[in-house]
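Below is one structure, written out as structure tokens, with a few remarks after it.
The values are calculated or read from the model by the stated rules, or taken from the named source; none is laboratory data. Every value quoted in this text rests on a predicted model; they were computed, and no experiment measured them. In this analysis, Cβ positions are derived from the backbone assuming ideal geometry, glycine residues included, and neighbour counts consider all displayed protein chains.
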Amino acid sequence: MKIKTVLAMLVLAFGLLAGSAAVLAGGMKADAAMAADAIAKAEAARKQAASVNGEWRDTGKFIKQAQDAAKAGEYDKAVKLAKKAEAEGRLGYEQQVSQSELKIPSYLKY
Amino acid sequence: MKKILITLALLAITAVTAQAGPEEDRMAFIKYYKAKFPSVPMEEYANGVYAIDPIGRENWEAIEEFPPYEPFIDAGQAMWEKPFANGKGYKDCFPDGPAMADKYPSWDKQQGMVVTLPLALNQCLEANGEKPLKYKKGPINNILAYVAFQSRGKVINVEVPKDDPRAMAAYEDGKKFYFTRRGQLNFSCASCHLQNAGLRVRTEILSPTVGHVTGWPVYRSKWGTVGTLHRRFSGCNNNIRAKALKAQGEEYRNLEYFLTAMSNGLELNGPSARK
């Protein structure tokens, strides 16, 4: 795996932890606006990944589930799903960008 | 002096790799698989995974005695012979007859793109005011099964014409797709079908890329019907948790172009049956 990808994953993982920790620590509850914001960010990240053919299989599904949860008033759940989708979108984008140059694996000998 | 020579030699190798054309790529693939499966004769690769899986092969040979794809060939023949609403038919688009699977995929200079057999069939329909067929499931597989059956024994010979740089770009694009990791599992086609060919994934053995395009359309027991190559691409993309791209979109057509060039010299034997 590319160093960059690993770094991106760590940053994202840490960000996610920090984010949810903040919500938990403050006993803060997500509201409709937070959910809408998280969903919009997730959708933007998904689109960016798709723009380089790097979208992952379930990202769209998570966004759909987040929208459904928000509609049902389950904002915490919606934010959680949207963050997961956003992380996937970023990783999928980074995955493709980090491979923009074709590299033939060393086991294939010419 | 020796050092310089070695450096030069290394440089030369890198250069070849970077610009390797279809034939160099194919030779590298064959060299790789020959080292991995020394007892498998070249022509066996046309049988996909059954070239390297003796147990699966027994089962397969039993299935091929009463081929599950036969009704689809018959239905395809009826489609071939039935006139369109305007009185014309496939025969008018393809005057040399249905034994033509070896002519695809090919670079179409006028359209500036790789034209595959399913695409050419649909272009024929559309040119005659008919509705195009869906590319993964359904009746397209009938007509493909008929054309494949009529084309059995023809030899794959994909050419990447030198007089149009866009053709090589399309080939390169397909090659890049093949080697690019995607999806949550971060696998490329090469991870499974090159690096790990012959290994078992759950209940299946990973087939070599050489021979991947010979037997289409394929009757898959898991599908319970006959499906197209691009349906299979979608499936393999989904398995690594990548979103599948559009069947017959540019990416998959270019991928097919590259993949077919890797099977140059093998005989077409479609339709075929798989697990």
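Taking residues in region B:168-190 that are on the phi > 0 side of the Ramachandran plot, and partners anywhere that are at pLDDT below 95 and of a type in the set (A, V, I, L, M), the pairs with Cβ atoms closer than 7 Å and at least 6 places apart or on different chains are B:Asn186/A:Met1. Regarding region A:69-80, can at least one residue be identified that is touching a helix residue (DSSP H, G or I) at 6+ places or on another chain (Cβ under 8 Å), assigned to a helix (DSSP H, G or I), within 13 Å of chain B (Cβ to nearest Cβ) and more than 30 Å from A:Glu101 (Cα to Cα)? Checking region A:69-80: not a single residue is touching a helix residue (DSSP H, G or I) at 6+ places or on another chain (Cβ under 8 Å), assigned to a helix (DSSP H, G or I), within 13 Å of chain B (Cβ to nearest Cβ) and more than 30 Å from A:Glu101 (Cα to Cα).
For region B:160-180, a residue qualifies if it is in a helix (DSSP H, G or I) and in contact with a strand residue (DSSP E or B) (Cβ under 7 Å, 6 or more places away or on another chain), and the qualifying residues are B:Ala167, B:Ala170.
Condition check ((1) under 26 Å from B:Gly211 (Cβ atoms); (2) under 21 Å from the mean Cα position of the chain (by Cα)) across all residues:
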position	(1), (2)
B:Ala35	yes, no
B:Trp60	yes, yes
B:Lys82	no, no
B:Gln110	no, no
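Counting just the residues of region A:81-104 that are among the hydrophobic types (A, V, I, L, M, F, W, C) and part of a helix (DSSP H, G or I), which one comes out nearest to B:Leu194 (Cα to Cα)? Within region A:81-104, the match that is nearest to B:Leu194 (Cα to Cα) is A:Val97.
If the Cβ limit is 6 Å and pairs must be 6+ apart or interchain, which residue in region A:17-46 that is not assigned by TED's automatic domain parsing to the domain that holds A:Leu81 and β-branched (Val, Ile, Thr) pairs with which residue that is at pLDDT 95 or above and surrounded by 12 or more Cβ atoms within 10 Å (Cβ to Cβ)? If the second residue must be at pLDDT 95 or above and surrounded by 12 or more Cβ atoms within 10 Å (Cβ to Cβ), no pairs are left. Checked against the criteria, B:His212 counts as within 21 Å of B:Gly56 (Cα to Cα) and more than 11 Å from every other protein chain (Cβ to nearest Cβ). Here B:Gln110 meets the list (1) on the phi > 0 side of the Ramachandran plot; (2) without any contact (Cβ under 8 Å) to a residue 60 or more places away in the chain almost entirely, failing just condition (1). B:Leu185: within 28 Å of A:Gln96 (Cβ to Cβ), assigned to a loop (DSSP other than H, G, I, E, B) and assigned by TED's automatic domain parsing to the domain that holds B:Met27, yes or no? Against the criterion (within 28 Å of A:Gln96 (Cβ to Cβ), assigned to a loop (DSSP other than H, G, I, E, B) and assigned by TED's automatic domain parsing to the domain that holds B:Met27), B:Leu185 qualifies. Say we look at region A:92-110 and pick out the residues that are among the hydrophobic types (A, V, I, L, M, F, W, C) and within 8 Å of chain B (Cβ to nearest Cβ); which of these is farthest from A:Met34 (Cα to Cα)? Step by step, filter region A:92-110, then rank; the result is A:Leu108.
Scanning region B:160-191 for residues that are over 16 Å from the mean Cα position of the chain (by Cα), among the hydrophobic types (A, V, I, L, M, F, W, C) and away from chain A (no Cβ under 14 Å) turns up just one, B:Ala167. Checking each residue in region B:43-89 for being farther than 16 Å from B:Ser272 by Cβ, touching a Leu at 6+ places or on another chain (Cβ under 8 Å) and either in contact (Cβ under 8 Å) with a residue 60 or more places away in the chain or part of a helix (DSSP H, G or I) (or both) picks out no residue at all. With respect to the conditions (1) part of a loop (DSSP other than H, G, I, E, B); (2) touching a residue at least 12 places away in the same chain (Cβ under 8 Å), B:Pro95 lacks only one, and its number is (2). If you check B:Leu119, B:Leu194 for being within 14 Å of chain A (Cβ to nearest Cβ), touching a residue at least 12 places away in the same chain (Cβ under 8 Å) and either surrounded by fewer than 17 Cβ atoms within 10 Å (Cβ to Cβ) or not in a loop (DSSP other than H, G, I, E, B) (or both), only one passes: B:Leu194.
I'm trying to understand the selection: among the residues of region B:197-213, which are part of a strand (DSSP E or B) and free of Cβ contacts under 8 Å to residues at least 12 places away in the same chain? Correct list: B:Arg200, B:Val201.
Name every residue in region B:197-229 that is within 30 Å of B:Pro22 (Cβ to Cβ) and either touching a Cys at 6+ places or on another chain (Cβ under 8 Å) or of a type in the set (Val, Ile, Thr) (or both), in order of residue number.
B:Val201, B:Ile205, B:Leu206, B:Thr209, B:Val210, B:Val213, B:Thr214, B:Val218, B:Val226, B:Thr228
The sole residue among A:Gly54, A:Gly60 that is within 11 Å of another protein chain (Cβ to nearest Cβ) and assigned to a loop (DSSP other than H, G, I, E, B) is A:Gly54.
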